[in-house]
Every structure is written in C-alpha cells, then in structure tokens.
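A.B. asks: First the structure, then my questions, so here it is.
The values are calculated or read from the model by the stated rules, or taken from the named source; none is laboratory data. The structure presented is a predicted model; accordingly, all values stated were derived computationally and were not measured. When we count neighbours, we look across all protein chains shown, and the Cβ atoms used for this are built from the backbone with ideal geometry, even at glycine.
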Amino acid sequence: MRDIFTRIEDDCTVYIEVSLNAFGFSGENPWLFSVFIKFDGMDESAAGFEEFLETKESLIIALEHEDRAKYVGTRSVDGWSELYFYAKDSKELEGVTQGILKSTNYVYESSVVRDTRWDFHHKNLRPSELEQCHIQSEKIIFMLKEEEDDLSQVRSVEHYISFELPTQKNRFINTLDLEGYSLKDEISTEEFEHGIALVKEHNVQSQTLKEEIDKLFVEIKKCQGYYEGWSTTLVEDA
C-alpha cells in the first residue's frame with residue numbers, strides 16, 4: 001500500500017509517494033539506494049506517464065526480488081523522480097537498475113550510501129502527523145467524488161479530536177476560540193476515552209479542508225490533543 005502527499009521545501013512543491021509497507025522495516029536493510037530518473041509526471045502526456053509508471057514498477061519489482069531491497073518511496077521535484085530503496089547490502093543494485101533502465105530513453109543517476117538508522121526515510125519520506133491528517137482527509141474527499149458529491153456545496157462538517165487526559169480535553173473546550181466552530185458532542189469510546197466532536201459549516205474541497213485542518217491542528221496541539229479526522233453527509237442534490 002502507498003500514500004501520496006505534497007510537501008513544500010524551499011518554496012518548491014515536492015510530490016511524495018511513501019510505501020506504507022516499509023514502516024515496519026525501519027532499522028533493517030542499512031543501505032540506502034537512490035535512483036534519480038529525469039521525468040516530470042506533471043508535464044508529460046498520459047501515454048508518457050503510463051510508460052513511466054510501468055518502468056518504475058518494473059524497477060521496484062526487480063530490486064525487491066528475493067528481498068534484495070525494500071522500496072520505501074518516491075520524491076518528484078524539479079523534473080526528477082527520485083526512487084528510494086533500503087537494501088541488505090550494496091551489491092547488484094546498480095546492475096539490476098541498469099538492466100531495467102538502459103533500454104529506455106530516460107536519463108538517470110544512482111547512488112548508494114549507508115543509512116543504518118533510516119534517517120533519510122524519517123526526514124524526507126515519512127509523513128508527519130499533520131501530513132498524515134491531510135492524507136486521510138484526501139481519502140474521504142476521494143470517496144465523496146466517487147459518489148458524485150458536489151464538493152463546493154457548504155454543509156455541516158464534523159471534526160473529531162481526542163486527548164489522553166480529561167484535563168486536556170476540558171482545557172481545549174474552555175479555551176475554544178475558532179471562528180465558526182462549536183462543540184457538538186463529547187465522545188467516549190474504547191479507543192478514544194476523552195474525545196470531542198466539533199462542527200462547522202464549510203465546503204469539502206481539498207484546499208478548504210487543508211486550511212481548516214491546519215488551523216485546528218495548531219490549536220489542538222496547544223492542549224496535547226490529536227486530530228482524528230472529519231465526516232459529513234452528501235449534499236441533497238448530489
């Protein structure tokens with residue numbers, strides 16, 4: 001399984017694909033193998049993009065064969081797609097890569113360095129807590145699109161927050177000062193004993209949700225809470 005998100009670095013948008021299957025392997029496979037392929041998926045034709053994806057998947061399959069390496073993610077920025085793997089050793093990696101890419105027209109570079117603690121993965125690929133919130137939000141938006149919902153329509157949206165301690169929850173409620181938000185319910189479940197649901201009227205377009213989550217996240221963290229996502233209903237005329 002893989003997730004895709006964006007990150008701003010030095011005023012540039014970086015498109016990141018991260019392999020969720022790699023999280024449990026952090027600390028294993030000490031060699032970081034990088035393959036930089038000259039390809040900007042944002043500017044290519046549909047056919048060209050499909051061809052690149054096929055090449056990319058062929059490379060991942062070949063390098064992961066017999067547990068030679070573990071694919072951990074891709075960063076796309078400045079016209080380059082950067083593929084990253086962690087390997088048991090540094091042997092054969094370049095040879096396998098050359099075998100896949102030499103017959104293509106792609107310009108590419110590769111390198112291997114020792115990264116026992118997976119520092120590169122943690123700093124440059126793994127999503128932060130806030131980025132994970134945005135990833136989950138986009139999944140909800142995708143499901144609404146599948147139902148042909150009109151995302152531009154304003155409707156009631158519930159946002160869920162949890163706290164480890166009741167004092168944290170009470171402090172958040174008592175100091176709540178976010179325009180348009182009101183407390184709907186206090187929630188107690190096996191997973192989130194000290195939770196609340198806030199409600200606000202707004203549309204469910206990606207940019208709107210990103211802005212709302214960013215604002216909520218800052219306030220939630222002041223009380224050591226956790227943003228747990230949002231929900232809504234389809235608009236009646238969808």
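A.B. asks: State all residues of the stretch 141-166 that are among the hydrophobic types (A, V, I, L, M, F, W, C) and in a loop (DSSP other than H, G, I, E, B); if no residue qualifies, say none.
C.D. replies: Matches in the stretch 141-166: Leu151, Val154, Leu165.
A.B. asks: Right, another one. When you look at Arg126, is it in a loop (DSSP other than H, G, I, E, B), touching a helix residue (DSSP H, G or I) at 6+ places or on another chain (Cβ under 9 Å), more than 19 Å from Thr233 (Cα to Cα) and not aromatic (Phe, Trp, Tyr), yes or no?
C.D. replies: So Arg126 fits the description; yes.
A.B. asks: Inside the stretch 108-140, can you point out the residues that are β-branched (Val, Ile, Thr) and modelled with pLDDT of 95 or more?
C.D. replies: Result: Val112, Val113, Ile135, Ile140.
A.B. asks: Any residue at all in the stretch 128-151 that's among the β-branched types (Val, Ile, Thr), over 22 Å from Tyr15 (Cβ atoms) and not assigned by TED's automatic domain parsing to the domain that holds Leu20?
C.D. replies: No, the stretch 128-151 has no match at all.
A.B. asks: Would the stretch 208-218 turn up any residue that is aliphatic (A, V, I, L, M), touching a residue at least 24 places away in the same chain (Cβ under 8 Å) and in contact with a Cys (Cβ under 7 Å, 6 or more places away or on another chain)?
C.D. replies: From the stretch 208-218, those aliphatic (A, V, I, L, M) are 209, 213, 216, 218; that's our starting set.
Narrowing further to those that are touching a residue at least 24 places away in the same chain (Cβ under 8 Å): 209, 213, 216.
Retained after the next criterion (residues that are in contact with a Cys (Cβ under 7 Å, 6 or more places away or on another chain)): 213.
Scanning the stretch 208-218 turns up at least one residue that is aliphatic (A, V, I, L, M), touching a residue at least 24 places away in the same chain (Cβ under 8 Å) and in contact with a Cys (Cβ under 7 Å, 6 or more places away or on another chain).
A.B. asks: Give Glu186, Glu211, Glu201 a once-over and let me know the one that is in the same structural domain as Phe172 (by TED's automatic domain parsing) and within 15 Å of Cys133 (Cα to Cα).
C.D. replies: After applying the criteria, what remains is Glu211.
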